[in-house]
Amino acid sequence: MTGGNIEADKDITATLDDLLALPLAEQVSRVRSAQDPDALLLQLSDAADRIAADDIGRGLAVREALVALADEIGSHAARAETRSALAASLSYAGRLEESLALCEAAIKIAEDAGLPVPAARARLVTLQSLDQLGRFDEALAAGHAARAVFDQFGEIIQVTKADISLGGLCNRRGDPAAAIGHYERAAQGIFDDHQLTAQLESNRGIALMALGRLEDAEIALDAASALFDSEGLAWSAAMVEQNLGYLFVRKGSLHEAMFHFERGRRYLEIEGSLTDIAALELDYADGLSALGLSEEAMAQYQAAIPKLDELDLVNEAATARLGLGLALLHLGRGEEAEPVLLSALGRFRDLGMAPSAAQAAIALARIDLERGDAERAAGTVREALDALGDLSLDAMSARALLGRALLAAGQTAEARAQADLVIETAAELDLAPMLADLLHLRAKIRLAAGDPVGAGEDFRDAIAQVERVRGMLQAERFRSGWLGDRIDLYDDALTAALDRGPEGLAEAFAFAEQAKSRALLDLAGGMLETEDAETIDPAEARLLEDLARVRADLEWHYSELAQQEGSALGDAGWQERVHRLERELDLLQDRLASTRGVGGLFAETIGLDGALALVGEGEALVEFVAAHDELVAFVLRDGAAQVVRGLGAPAAAAEIADRFQFQVARALAAGPEAMATPRGERMTAAARADL
């Protein structure tokens, strides 16, 4: 279909509709009476492309009818071409083996008739099915072979389609840079074909997302959406809106994400595409989960699963169950997560999807570890590792879990070996989030092995990785997905330093200050962007906008870790972009600190010597800090420091503080006059009792 000949497109579509309304015998008679039956059938097949881009179900029915027509008329070219087109629809409908079988039939018909171009078109159609079946090398070979034939015979549009397909294949397999190369070549062969241009921009937008070029990705996807919309291609437009929604979910902009997901849903509802709506809802749930919004993700998965089951979307249904199980785990609801994850595991095994089954098994191992069955957890993880690539983040996370299980089982030497192995890889790949977790794990292993000094080094390095990504103040998905509970890291470090006695006092004080600084920064940092723009200087407003943009980009790059597999993790470009964003973030924070009195938020924390210097003669500084279930006080006076431990449980102290605050609120509500009465005396006595 060409955008420059819309009326002709409408005419041939109307001809197709009229033809298919007739009985088969009359369809055959009508086509045979045409001046060139083959040319008419190929034109009708092109018209079916437009229908399929707008409505997958109807496109499938139309293409089945065209195959029957071609078989009756007996043209080798038409028989091959119509089979290729039907195979494409079958692939999009998830009927992968049927699609491949039909492609093989089309290739044989074309090759037996000496028709290399139709045979190449059939080979190109196999890419999607082969890719979804995990036969990547076969898909890549088929795509390049088809492109070579198209190039040999000067089929420019077909060369363009081949590059678009090969680009999509590369992007899905974690090589977006190679995908962009194919798309750039494809762009040279597109003239006034609006549908092909839209498809190119849509695919290019997905690759740009993977490369972290978020603004460029948004521009490309917006262009694709507008083109599909202008052509009335509802299904294709909905797919683009789905990608835009996911882009904004991953950026943390839920309002914009909801807008695009809703637009996508409305496109699909017009066509009554229940299958695509269900897939959209699953993508939205996955996005919420990536964002760390586990409650919302859980509800979305629970709503999506019955629909996916009813539509017999077995892969998506299993994926939704895995997502639901992980969301429940993040919420600390392991008992509820277990049957869901067992169901996902069984379904993935039935489908022969070993990596996905391994992910479900590893999630179940986490439940075993929490129940205290460390040996079973370790065994499960070892089995699952066989299905995961050595460099994949799933494999690295699994080895970290294995280290935790081995530590819990008392096998400290083997736990240390696992931790060392993954730390080395994570350091080479410069994965700050994972390094923080792994160094924390190794610190605990060193403590168990009787090496408190080495543990202290790892605690310091782990906290340094947390501080390195301090700009991600609102990245809840990052905290829950990769760092876990960061407070545990600070608490473990503080407790370990205190356990070393006087020699660990200065380090313990430093850890306490870092933990409090981190809590303050998390609390106040998000407020920096939310002030009323009218109350601040325009120059500062621009700085805040830049700060929000850089944070969003940095969050995106770290959240992308969850999507990367294999050698893509070693992408030097990813590392360079992260470092550039971190430098830009530091500069913006310094500029804000110098102009609006927020320097304390971003400054280095004070050490013990610096704090002692602030305490004058006859003065004392008492600093309370909670570490796990212990309330601790640092007492600084007369140039020396001491620590007082075992002051009680933080929860009990918080309860008393709440009671005291209640008494203060009562007194304020009563007013000064009431305090001079017997009632005031009773309130004062109650407050003193709580104190």
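Got a sec to turn the phi values of the range 349-359 into Karplus ³J(HN,Hα) couplings, 6.51 cos²θ - 1.76 cosθ + 1.60 with θ = phi - 60°, whole Hz, x for Gly and Pro?
Working through the residues one at a time gives 5, 4, 7, x, 9, 4, x, 5, 4, 5, 4 Hz.
First compute the accessible area of the range 16-156 with a 1.4 Å probe, then give the percent of it belonging to carbon and sulfur atoms.
Details: 3170 of 6300 Å².
Accessible surface attributable to carbon and sulfur in the range 16-156 totals 50 percent.
Take the Cβ-Cβ distance between Arg679 and Asp546 as r, set R0 to 51 Å, and report the resulting FRET efficiency rounded to the nearest 0.05.
Working: r = 55 Å, r/R0 = 1.09.
The computed FRET efficiency comes out at 0.40.
Work out how much length Ala34 to Phe153 would gain on full extension: take 0.36 nm times their residue separation and subtract the Cα-Cα distance, in nm to one decimal. Walk me through the intermediate numbers first.
Working: separation 119, 0.36 × 119 = 42.84 nm, distance 2.74 nm.
Stretched fully, the Ala34-Phe153 segment lengthens by 40.1 nm.
Return the FRET efficiency for the residue pair Glu655, Glu467: r is the Cβ-Cβ distance, R0 is 22 Å, and the value is rounded to the nearest 0.05. Could you put the intermediate results ahead of the total?
On the way: r = 32 Å, r/R0 = 1.45.
FRET efficiency, Glu655 to Glu467: 0.10.
Summing +1 for each Lys or Arg and -1 for each Asp or Glu, what net charge is found among the other residues whose Cβ lies under 10 Å from the Cβ of Val240? Don't skip to the end; give the middle numbers.
Numbers: positive: Arg263; negative: Glu201, Asp222, Asp229, Glu241.
After counting each charged neighbour, the total is -3.
So which aspartates and glutamates can Lys516 reach, going by Cα to Cα under 14 Å and dropping same-chain residues fewer than 8 places off?
Cα-Cα hits under 14 Å: Glu467, Asp488, Asp491, Glu604, Glu623.
Multiplying the sequence separation of Glu72 and Arg349 by 0.36 nm and subtracting their Cα-Cα distance, what value in nm do you get? Don't skip to the answer; put the middle values down first.
On the way: separation 277, 0.36 × 277 = 99.72 nm, distance 4.24 nm.
So the chain would gain 95.5 nm between Glu72 and Arg349.
Quote the Stokes-Einstein diffusion coefficient, in whole µm² s⁻¹, for the range 144-192, based on the Kirkwood radius over alpha carbon pairs, a temperature of 37 °C and a viscosity of 0.692 mPa s. Could you put the intermediate results ahead of the total?
Values: Rh = 10.6 Å.
Rounded, D is 309 µm²/s.
Using 0.36 nm per residue, how much length does the chain from Val314 to Ala145 gain when fully extended, once their Cα-Cα distance is taken away?
On the way: separation 169, 0.36 × 169 = 60.84 nm, distance 3.21 nm.
Computed gain between Val314 and Ala145 is 57.6 nm.
Accessible area per residue for the range 47-172 in Å², computed with a 1.4 Å probe and the full protein assembly in place, what is it?
Numbers: 4870 Å² over 126 residues.
Spelled out: the 1.4 Å probe surface of the range 47-172, per residue, equals 39 Å².
Taking K and R as +1 and D and E as -1, what net charge do the other residues with C-beta under 10 Å from the C-beta of Gly189 add up to? Before the final figure, lay out the partial values.
On the way: positive: Lys161, Arg185; negative: Glu155, Asp163, Asp193.
Combined, the nearby Lys, Arg, Asp and Glu give -1.
Carbon-plus-sulfur fraction of the accessible area of the range 273-336, 1.4 Å probe, in percent?
Working: 1330 of 2520 Å².
Carbon plus sulfur share of accessible area: 53 percent.
Return an integer: the convex hull volume of the alpha-carbon atoms of the range 172-214, in Å³ per residue. Mind showing how you got there, number by number?
Values: hull volume 2.7 nm³, N = 43.
Taking only Cα atoms, the range 172-214 has a hull volume of 64 Å³ per residue.
Could you check the simple spin-label distance between Ala665 and Arg382, using points 7 Å along Cα→Cβ, in nm with one decimal?
Once both label points are built, they end up 5.5 nm from each other.
List, in order, the whole-Hz ³J(HN,Hα) value for each residue of the range 92-105 obtained from phi through the Karplus relation with A = 6.51, B = -1.76, C = 1.60 and θ = phi - 60°; use x for Gly and Pro.
Those phi angles translate into 5, 7, x, 8, 5, 5, 4, 4, 5, 4, 5, 5, 4, 5 Hz.
Taking amide H atoms as placed 1.01 Å from N in the peptide plane, list the residues 5 or more away in sequence, or in a different chain, whose amide H sits under 5 Å from that of Leu631.
HN-HN under 5 Å from Leu631: Gly646, Leu647, Gly648.
Please calculate how many Å² of accessible area the range 321-468 carries per residue, with a 1.4 Å probe and no DNA, RNA or ligand atoms counted. Before the final figure, lay out the partial values.
Numbers: 6070 Å² over 148 residues.
Roughly 41 Å² per residue, with all protein chains present.
Where a ≥ b ≥ c are the square roots of the eigenvalues of the C-alpha gyration tensor, would you call the range 625-674 rounded, which needs a/c under 1.5, or, failing that, prolate if a/b is larger than b/c, or oblate?
Numbers: a/c = 5.63, a/b = 1.87, b/c = 3.00.
The shape class here is oblate.
At a 1.4 Å probe, what is the % contribution of carbon and sulfur to the accessible area of the range 624-691? If you can, show how the numbers build up before the last one.
On the way: 2610 of 4410 Å².
Roughly 59 percent, rounded to a whole number.
What does the highest-first list of 211-217, 494-500 look like by mean Cβ count within 10 Å? Working shown, then result.
On the way: 211-217: 17.4, 494-500: 20.4.
Ranked by mean Cβ neighbours within 10 Å, highest first: 494-500, 211-217.
The values are calculated or read from the model by the stated rules, or taken from the named source; none is laboratory data. Note that the structure is a prediction, hence the values are computed from the model and not measured. In this analysis, Cβ positions are derived from the backbone assuming ideal geometry, glycine residues included, and neighbour counts consider all displayed protein chains. Heads up: the accessible areas ignore ligands, DNA and RNA and are worked out on the full protein's heavy atoms, side chains in. Shrake-Rupley method; radii C 1.70, N 1.55, O 1.52, S 1.80 Å.
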